[in-house]
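Taken together, the values in this text are just the output of simple stated rules run on the coordinates, not laboratory data. All values reported here derive from a predicted model rather than from experimental measurement. Counting neighbours? That spans all protein chains shown, and the Cβs are built from the backbone with ideal geometry, glycine included.
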Amino acid sequence: MTATALLVTLVIGAIAGWLAGLIVKGHGQGLVVNIVVGIIGAFIASFLLPAVGLVIGAEGSIVGSIIYATIGAVILLVILSLVSRA
């Protein structure tokens, strides 16, 4: 992975984590945790969304990547909130 690709991944993760923290109230944990949640969310979405037939944006699209990562991060935050309640 090049330095540029790593930087783009971190920026997309940060944006997705921040958006997911806004969508799922009370789970904004700071920049580093938001980046991690966004990146993990992107991996979750990359497996889950195509499996259910949902394709967003063109291949390699930044906006599509942010949407995918945000959806995955929201799913991750909801799962984490359900687990923390139990």
Note on segment 31-61: residues farther than 18 Å from Ala14 by Cβ and surrounded by 13 or more Cβ atoms within 10 Å (Cβ to Cβ) are Leu48, Leu49, Ile56, Gly57
Quick check: is even one residue across segment 59-78 without any contact (Cβ under 8 Å) to a residue 40 or more places away in the chain, of a type outside the set (S, T, N, Q) and assigned to a loop (DSSP other than H, G, I, E, B)? yes
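Across segment 8-30, what is the total count of residues that are assigned to a helix (DSSP H, G or I) and crowded, with 17+ Cβ neighbours inside 10 Å?
11
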Do we have any residue at all in segment 25-34 that's more than 17 Å from Ser81 (Cα to Cα) and touching a residue at least 24 places away in the same chain (Cβ under 8 Å)? no
